[in-house]
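Student: Below you will find the structure I want to go over with you.
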Amino acid sequence: MLIVMKADATESEIEAVARVITEMGLRPHVLPGAHRTAIGITGNQGPLDPTRFESMPGVAEAIRVTKPYKLITLDLRPEKTVVRLGDATIGGEELAIIAGPCAVESREQAFAVAEVVRRSGARFFRGGAFKPRTSPYAFQGLGEEGLKILAEVRQAYGLKIVTEALDEHGVDLIERYGDVIQVGARNMQNFSLLKRVGRSHLPVLLKRGMAATLDEWLLAAEYIMAEGNYNVILCERGIRTFAQHSRNTLDLAAVPAVRRISHLPVIVDPSHGTGKSYMVTPLARAAVAAGADGLMIEVHHHPELALSDGSQALTPAQYEQLVGEARAIYELLAPVSA
Ligand code: PEP
Ligand code: MN
């Protein structure tokens, strides 16, 4: 059930509704919007009786939810969620650029790439300290040492740190050193991890699983929100298909498809989405044209020496050009989407 409050509902009227929900042994999710506050209810197995709420002061209507998701939907919040980290936003007016190496390899490497990212005007630095590698013999990341380097980058350049947690212990550590927790494609349905990040105070960047349908991806986001963390960013990163010309098939139709259902920001990762550096810029342009709120881009100052994903890493010069082009396209679209 979803309770829509009147535009002029008072704080205490909202609290009273939330209290009744809690007293019923259920969980209220109060989401203030631009024009009204809505309260999502989770924890109920069967349908609830709307008359219980409809007579309460300040309530405009109580709506039964028939879809599988309750909190990610535009029914709950008709305007887009803007994830804010200080003065940096994802889903706001600015195109969000999250860039950096696949993995943190050393202090020198991270700083060299961060310099480039900073110069481009991007607000977010990515880099894995814990890497989900197909082979157990491949470079697994520097672990906590990598997170300490990321924290230094944050300090030196003022960039917000986006980094992946492979497990719950990783979340504990990122809460200490980072700004946004990335849940990788391989972990999109790791439900205990989703619940753990749902209890974090940090925003979560949720990558689409490589064989996940739109509903599965959105329900993974729902897991996070149901625990009380409403700062979720969806990231399309390509899916497995029969295509051999690219590492994955970047599903840009996912962007408008998400937009039609959810208020959550959606960004695109054309690096993992293609696996080939020469495809990254064209697909980044297309992603922005398709309405993405941001881009996640892998950059390396020496792609040929990268310890992971070197073939999809852009050089600093290629990256700078991409950012300029992506911003130009975004500017062009701004009046249309506003
Ligand atoms: C990454 O961002 O480096 C990564 C491992 O991504 P994905 O989970 O999309 O494969
Ligand atoms: Mn990578």
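The numbers here are math on the coordinates, done by the rules we state, and not lab data. Just so we're clear, the structure is a prediction, and the values are computed from it rather than from any experiment. Neighbour counts are summed over all protein chains in view; Cβ atoms, including those assigned to glycine, are modelled from backbone coordinates with ideal geometry.
Student: Counting only residues that are crowded, with 20+ Cβ neighbours inside 10 Å and of a type in the set (Gly, Ala, Ser), which one in region 228-265 is farthest from ILE41 (Cα to Cα)?
Tutor: Among them, the one singled out is GLY238.
Student: Counting just the residues of region 87-113 that are of a type in the set (S, T, N, Q) and not in a strand (DSSP E or B), which one comes out nearest to GLY310 (Cα to Cα)?
Tutor: Applying the filter and picking the extreme gives GLN109.
Student: Taking region 78-132 on its own, how many of its residues are closer than 19 Å to GLU325 by Cα, more than 15 Å from the chain's Cα centre (by Cα) and within 14 Å of ligand 1 (Cβ to nearest atom)?
Tutor: Residues that pass the stated criteria total 1.
Student: Go through region 121-169 and count every residue that is touching a Ser or Thr at 6+ places or on another chain (Cβ under 9 Å), more than 20 Å from GLY310 (Cα to Cα) and not aliphatic (A, V, I, L, M).
Tutor: Residues meeting the conditions: 3.
Student: If we keep just the residues of region 123-154 that are in a loop (DSSP other than H, G, I, E, B) and surrounded by 18 or more Cβ atoms within 10 Å (Cβ to Cβ), which is farthest from ligand 2 (Cβ to nearest atom)?
Tutor: Among those that are in a loop (DSSP other than H, G, I, E, B) and surrounded by 18 or more Cβ atoms within 10 Å (Cβ to Cβ), it is ARG123.
Student: Right, something else. Scanning region 1-36 for residues that are of a type in the set (Gly, Ala, Ser) and either under 10 Å from GLY58 (Cβ atoms) or part of a loop (DSSP other than H, G, I, E, B) (or both), which turns out nearest to the chain's Cα centre (by Cα)?
Tutor: GLY33
Student: Restricting attention to region 59-101, which residues are under 13 Å from ILE161 (Cα atoms) and in contact with a helix residue (DSSP H, G or I) (Cβ under 8 Å, 6 or more places away or on another chain)?
Tutor: ILE97, ALA99, GLY100, PRO101, listed by residue number.
Student: Next question, about the same structure. If you take the residues in region 253-266 that are in contact with an Asp or Glu (Cβ under 7 Å, 6 or more places away or on another chain) and part of a loop (DSSP other than H, G, I, E, B), which one is nearest to ligand 1 (Cβ to nearest atom)?
Tutor: PRO265
Student: Here is a list: LEU85, LEU48. Which entry is surrounded by 14 or more Cβ atoms within 10 Å (Cβ to Cβ) and either touching a strand residue (DSSP E or B) at 6+ places or on another chain (Cβ under 6 Å) or at positive phi (or both)?
Tutor: LEU85
Student: Is it the case that region 326-334 has a residue that's in contact with a Lys or Arg (Cβ under 7 Å, 6 or more places away or on another chain) and without any contact (Cβ under 8 Å) to a residue 60 or more places away in the chain?
Tutor: Yes: region 326-334 contains one or more residues that are in contact with a Lys or Arg (Cβ under 7 Å, 6 or more places away or on another chain) and without any contact (Cβ under 8 Å) to a residue 60 or more places away in the chain.
Student: Continuing with the same structure: Please find, within region 271-309, the residue that is surrounded by the most Cβ atoms within 10 Å (Cβ to Cβ) out of those that are closer than 30 Å to TYR137 by Cβ and of a type in the set (D, E, K, R).
Tutor: Per the stated criteria, the residue is GLU298.
Student: Sticking with this one: Just to be sure before I move on: is ALA313 more than 14 Å from ligand 2 (Cβ to nearest atom) and of a type in the set (A, V, I, L, M, F, W, C) in the structure I sent?
Tutor: No.
Student: Report, by residue number, each residue of region 35-62 that is among the β-branched types (Val, Ile, Thr) and farther than 20 Å from LEU219 by Cα.
Tutor: THR37, THR51, VAL59
Student: Is it the case that region 215-227 has a residue that's surrounded by fewer than 24 Cβ atoms within 10 Å (Cβ to Cβ), within 16 Å of ligand 1 (Cβ to nearest atom) and not in a helix (DSSP H, G or I)?
Tutor: So far as region 215-227 goes, no, none of its residues is surrounded by fewer than 24 Cβ atoms within 10 Å (Cβ to Cβ), within 16 Å of ligand 1 (Cβ to nearest atom) and not in a helix (DSSP H, G or I).
Student: Looking only at region 261-280, count every residue that is over 17 Å from ARG126 (Cβ atoms) and in contact (Cβ under 8 Å) with a residue 40 or more places away in the chain and tell me the total.
Tutor: Going through region 261-280 one residue at a time, the tally reaches 4.
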